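Following: one structure in structure tokens, then a few remarks.
The values are calculated or read from the model by the stated rules, or taken from the named source; none is laboratory data. None of these values were measured; they are calculated from a predicted model. Cβ sites come from the backbone with ideal geometry, for glycine too, and all protein chains shown count toward neighbours.
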Amino acid sequence: MTVSKAKEFKFISLLGKPGSGKGTQAELLESKFPFEHISTGELLRERVKKRDFIAKRLHEIMETGGLVPTPSVFQLWMPRLEHLRKQKTFQGLVFDGSPRKLYEAQMLDELLQLYDWDKNFKVLHIKISDKESLKRLQKRARSDDDKKDVLYRLRVFKKEVLPALAYYKKKGEVVEINGEQSVENVHKEILRKLKTFLK
Ligand code: AP5
């Protein structure tokens, strides 16, 4: 096994409403630290291009702002984690926008224990208002950024992601970040609040 220094390994999960800047901040962290970045949204958008039965079903769910079934996300994560495990330079993982359900969080815990990647774990909750979420995504206009789809994603966030956040809060793993400031200042706040963790 190439990743032997388990105590140095860092796992950061970025959670927040649609448009809160999870992807943006994950990329900044990846550019400054020897971390890999997994965006489940991106993995799913790639998967959908295969145009088979599963791709069609996943596409329908994503286009309306729902969450895809948990087995489908683990099916995408596992080969990626195995691939990353073999890389010598890899010292941490930034999980952008996942997990999004309480039981997805519990299952991810089990998976990270298997890899021995569960020792240094933080969840960053990037907080923005619903109004800011809508404002940002209407400017971007991805295919799931229609106003009604964003409103649905916001409802899903409250129903599914908040319980996952509550689970992590109970374990003392959540760090709250003000997402309503410039990209650079959000990044600075993350670095400040994770100073000890990132050492
Ligand atoms: P995903 O692609 O993760 O979409 P999302 O969570 O809705 O998040 P967004 O990509 O819209 O926003 P973001 O927070 O990453 O912000 P970003 O940096 O892009 O997931 C898509 C779908 O996949 C889900 O709806 C679901 O169907 C499925 N899925 C994904 N993970 C899943 C899971 N674990 N389980 C089940 N299903 C899953 O920025 C957005 C915009 O804001 C950009 O234009 C950016 O330039 C701008 N911006 C960023 N930061 C700032 C700032 N500080 N100030 C001003 N503008 C900013």
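Which residue, of Ala26, Ala55, is crowded, with 18+ Cβ neighbours inside 10 Å and either among the hydroxyl-bearing types (Ser, Thr, Tyr) or assigned to a helix (DSSP H, G or I) (or both)?
Ala26
Considering only residues of segment 34-46 that are charged (D, E, K, R) and near the ligand (Cβ under 10 Å from one of its atoms), which is farthest from the chain's Cα centre (by Cα)?
Out of the qualifying residues, it is Arg45.
Among the residues in segment 117-131, are any away from the ligand (no atom under 13 Å from the Cβ), in a helix (DSSP H, G or I) and either at pLDDT below 95 or on the phi > 0 side of the Ramachandran plot (or both)?
No - not one qualifying residue is present in segment 117-131.
Can you run down the residue pairs with Cβ atoms below 9 Å, 6 or more apart or on separate chains, where the first is in segment 61-77 and more than 8 Å from the ligand (Cβ to nearest atom) and the partner is basic (Lys, Arg)?
Listed pairs, sorted by first residue: Thr64/Lys148; Gln75/Arg47; Leu76/Arg47.
Among the small types (Gly, Ala, Ser) and near the ligand (Cβ under 10 Å from one of its atoms): does that describe Ser31?
Answer is no for this residue.
Take the residues in segment 132-161 that are assigned to a helix (DSSP H, G or I) and among the aliphatic types (A, V, I, L, M), then tell me which one is surrounded by the fewest Cβ atoms within 10 Å (Cβ to Cβ).
First pass over segment 132-161, keeping only residues assigned to a helix (DSSP H, G or I): 132-140, 147-161.
Subsequent filtering for residues that are among the aliphatic types (A, V, I, L, M) retains 134, 137, 150-151, 154, 156, 161.
On the way: Leu134: 18, Leu137: 21, Val150: 23, Leu151: 15, Leu154: 18, Val156: 18, Val161: 24.
The selected residue is Leu151.
I need the full set of residues from segment 85-102 which are more than 15 Å from Val156 (Cβ to Cβ) and surrounded by fewer than 19 Cβ atoms within 10 Å (Cβ to Cβ), in order please. Even if it seems obvious, please write down each step before you answer.
So the first thing to find is which residues in segment 85-102 are more than 15 Å from Val156 (Cβ to Cβ), and the list is 85-96.
Once the filter is applied, which keeps residues that are more than 15 Å from Val156 (Cβ to Cβ) and surrounded by fewer than 19 Cβ atoms within 10 Å (Cβ to Cβ), segment 85-102 yields Arg85, Lys86, Gln87, Lys88, Thr89, Phe90, Gln91.
Counting just the residues of segment 78-104 that are of a type in the set (D, E, K, R) and away from the ligand (no atom under 12 Å from the Cβ), which one comes out nearest to Arg47 (Cα to Cα)?
Looking at residues that are of a type in the set (D, E, K, R) and away from the ligand (no atom under 12 Å from the Cβ), I get Arg80.
Of Ser20, Ser31, Ser13, which residue is among the hydroxyl-bearing types (Ser, Thr, Tyr), under 28 Å from Glu189 (Cα atoms) and over 12 Å from the mean Cα position of the chain (by Cα)?
Ser31
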